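Colleague: Below you'll find the structure I mean.
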Amino acid sequence: MVIKTEALTKNFGKITAVNEMNLEVEEGEIFGLLGPNGAGKTTLISMLCTILKPTSGRAWVNGFDIVKESGKVRKSIGIVFQQASVDDLLTGRENLELHNLLFEVPKAIRKQRIEEVLSIVNLEKRADDFVNTYSGGMRRRLELARGIMHHPKILFLDEPTLGLDPQTREHIWEYIKELAVKECMTIMLTTHYMEEAEQLCDRVAIIDYGKIVVLDSPDALKNSVAGDVVKIKQKIPDIEKIRKLEYVMKAEEKEGMLYISIKDASKHLQDLLSNTGPIDFVEVRRGSLSDVFLHYTGREIREGEAEGGFWERMMKR
Amino acid sequence: MSELEGIYAVWLREAKIYIREKERLISAVISPLLWIFGFGAGVGTTVASVSGFSYQMFIYPGIMVMTVLFTSLFYGIYIIWDRKLDFLKEVLVAPISRASVFAGKMLGGATDAMVQVIYLIIIGLFFLNVPFTPLIIIEAFLMLLLISLAMVSIGLVIGANLTSPEGFSLVINFVMWPMFFFSGALFPKSNLSPWLAALTKFNPMTYGVDAMQGIILGINHYSLLLDTAVLLVFTAMMMGIGIISFRRM
Ligand SMILES: Nc1ncnc2c1ncn2[C@@H]1O[C@H](COP(=O)(O)OP(=O)(O)OP(=O)(O)O)[C@@H](O)[C@H]1O
Ligand SMILES: [Mg+2]
């Protein structure tokens, strides 16, 4: 067990940000934390990184107690913060050089590591510019480069690809996967992007109000809730009849369309269509983590919203 | 070894930022000039001489101490900004001890102050005809460094325990001005009223100013040994409190 928490709790005054959380993460796993704004993801990670002291409960990272052995915990981890923490008045390269010194990267490989991580995030050309001339996404990339530079045993990524363009995002996904496989690095990440969680994570915990609502592999989660969604357009739909079919989990009408969740489209689609009668339009899609998220939290997670929140917070400063 | 590199990294960052923040450099150059040539020359026209020196010359050691005092104390405000902007997080999750983080920051602040000291020495040497010898310059430099370390520590303690820059300014004013006024930097200690004299005795800055007046002008009230001892003890205490404050951050 690389990360383990026992009834880990953090209160901020009246707010309980993390509520008696129990969690175990295996070595080499990519573990996702998914939850709406304010769910407690950042607070959980901050405690595991020893920046915040828990109100109660215990946790171990790499076998070390996060309160009593915080120094040893810090030697085992790397972190990319949700909010930018790269220095504005330094160049990208200088930021990385400082990180090398602070995180005890062996002298012999420092230069080479800097070049490596710069090329991973595609910042070679801007490395010697001051960070205050970077765009938001470039800062994010620098931050990421810094987090992975010292090859930590456990890497925490708090919304690593927030505000990045799709191309860079995929590039970084590739790299994160590679880290987990090649270096047996354990990675804990938070995200609002469903796609990211599905693509990357071995297991996902959906958290809400500081509690784990459900925890499983993305596939298992999807199968448990969503199955497949069949979208149908019909002149006079008969919802009641469809709902009575034993393989139909849910049927709803929204904006003139009929959304039918069924367990397995490959088995039941034919039968379903024979029961609906003539239709104008049909579309079948695999259930996604979004459906799972909606099911468990009763809220839609909207990527745009999350992003807006981040930039708003950046602008306020 | 790695702790030393950590201290170096924290210091290096501070030094680079200092050089790049133009406002900081400019104010570092201008404020001592105003005191020496504005205040010193102005009051100097009404005060004939103190202990055989022109008033401008008399306050020169005090101005040096004051410059170090102000710069060093105010340096603590940057830790609040760093925290507000999240720059500090990177250092706080690094595998170096908080004592090292504190040491790096403290040396960073002392560097700011000592850059000003060098500049003041140059002014003293070329424009005021201060009787400097190489030995005096070295002694003065070391004494001011000691004062600076104590004052940076106080600033960092206050910065580490507060979260708003406004709060910091408020608190620091209550620390800075009394320390400066009741230190004998602007007036001789010989003809003070009893209560003012008592107040002066409890002010660690008094011993710094006294030592500097002794080193540069040879008019010290206490022995240089006592001055140094008081400052060493005081500095050690402040550093201790500073490290504790950083651990709790
Ligand atoms: N320093 C703090 N002081 C007071 N309350 C806080 C503090 N940090 C977090 N909280 C509160 O704790 C709760 C959880 O916050 P947290 O930042 O962990 O959420 P999150 O899941 O990371 O959200 P997001 O998706 O927006 O990043 C929120 O209600 C927040 O208001
Ligand atoms: Mg967060």
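The values are calculated or read from the model by the stated rules, or taken from the named source; none is laboratory data. Fair warning: this is a prediction, and the values are worked out from it, not measured in the lab. All Cβ positions, even for glycine, are placed from backbone atoms using ideal geometry, and neighbour counts span all protein chains on display. For accessibility, only protein heavy atoms count, side chains too; no ligands or nucleic acids. Shrake-Rupley method; radii C 1.70, N 1.55, O 1.52, S 1.80 Å.
Colleague: Give the residue that is surrounded by the fewest Cβ atoms within 10 Å (Cβ to Cβ), with candidates limited to residues of the stretch A:103-126 that are more than 8 Å from chain B (Cβ to nearest Cβ) and assigned to a loop (DSSP other than H, G, I, E, B).
Modeller: A:P106
Colleague: Within the set of pairs 6 or more residues apart or between chains, which connect a residue that is in contact (Cβ under 8 Å) with a residue 24 or more places away in the chain inside the stretch A:29-51 to a residue that is near ligand 1 (Cβ under 6 Å from one of its atoms) and part of a loop (DSSP other than H, G, I, E, B) with Cβ atoms less than 6 Å apart?
Modeller: A:K41/A:G35; A:T42/A:Q82
Colleague: Taking A:P54 as meeting all but one of (1) within 16 Å of ligand 2 (Cβ to nearest atom); (2) in contact with a helix residue (DSSP H, G or I) (Cβ under 9 Å, 6 or more places away or on another chain), write down the number of the exception.
Modeller: Of everything listed in (1) within 16 Å of ligand 2 (Cβ to nearest atom); (2) in contact with a helix residue (DSSP H, G or I) (Cβ under 9 Å, 6 or more places away or on another chain), A:P54 misses just condition (1).
Colleague: May I pose another question? Out of the residues in the stretch A:86-102 that are part of a helix (DSSP H, G or I) and not charged (D, E, K, R), state the one that is farthest from the other protein chains (Cβ to nearest Cβ).
Modeller: Among them, the one singled out is A:G92.
Colleague: Could you give me the residue pairs with C-beta distances under 7 Å whose first residue belongs to the stretch B:219-243 and is over 16 Å from B:K201 (Cα atoms), whose second residue is not in a helix (DSSP H, G or I) wherever it lies, and which are 6+ apart or on separate chains?
Modeller: Final answer for the pair search is B:I219/B:S51.
Colleague: For the stretch A:76-85, give me the residue count where each residue is facing chain B (nearest Cβ under 8 Å) and buried (at least 19 other Cβ atoms within 10 Å of the Cβ).
Modeller: Within the stretch A:76-85, residues that are facing chain B (nearest Cβ under 8 Å) and buried (at least 19 other Cβ atoms within 10 Å of the Cβ) number 5.
Colleague: Out of A:V67, A:V73, I need the residue that is open to solvent by less than 30 Å² (accessible area, probe 1.4 Å), among the β-branched types (V, I, T), within 14 Å of chain B (Cβ to nearest Cβ) and away from ligand 2 (no atom under 16 Å from the Cβ). Which one?
Modeller: A:V73
Colleague: Conditions first: (1) within 14 Å of another protein chain (Cβ to nearest Cβ); (2) farther than 23 Å from A:H150 by Cβ; (3) surrounded by fewer than 21 Cβ atoms within 10 Å (Cβ to Cβ). B:I17 passes all but one, so which condition is the exception?
Modeller: All conditions pass for B:I17, except number (2).
Colleague: Given the criteria more than 18 Å from B:I243 (Cβ to Cβ), at pLDDT below 90 and more than 14 Å from chain A (Cβ to nearest Cβ), does B:V50 qualify?
Modeller: Criteria met by B:V50.
Colleague: Looking only at the stretch A:48-64, filter to residues that are in a loop (DSSP other than H, G, I, E, B) and away from ligand 1 (no atom under 15 Å from the Cβ); which one of those is surrounded by the fewest Cβ atoms within 10 Å (Cβ to Cβ)?
Modeller: Checked the stretch A:48-64; the qualifying residue surrounded by the fewest Cβ atoms within 10 Å (Cβ to Cβ) is A:G63.
Colleague: Could you figure out which of (1) within 14 Å of chain B (Cβ to nearest Cβ); (2) within 16 Å of ligand 2 (Cβ to nearest atom); (3) not in a helix (DSSP H, G or I); (4) not polar (S, T, N, Q) isn't true of A:I45?
Modeller: With (1) within 14 Å of chain B (Cβ to nearest Cβ); (2) within 16 Å of ligand 2 (Cβ to nearest atom); (3) not in a helix (DSSP H, G or I); (4) not polar (S, T, N, Q) applied to A:I45, the lone miss is (3).
Colleague: I've got another one for you. Do you know which of the residues in the stretch A:17-42 that are within 16 Å of ligand 2 (Cβ to nearest atom) and outside any strand (DSSP E or B) is nearest to the other protein chains (Cβ to nearest Cβ)?
Modeller: Only one residue tops the list, namely A:T42.
Colleague: Can you tell me which residue in the stretch B:204-227 is farthest from B:V130 (Cα to Cα), limited to those that are more than 15 Å from the chain's Cα centre (by Cα) and either open to solvent by less than 40 Å² (accessible area, probe 1.4 Å) or among the β-branched types (V, I, T) (or both)?
Modeller: B:D227
Colleague: List the number of the failed condition for A:I279; all other conditions in (1) modelled with pLDDT under 80; (2) among the aliphatic types (A, V, I, L, M); (3) assigned to a loop (DSSP other than H, G, I, E, B) hold.
Modeller: (1)
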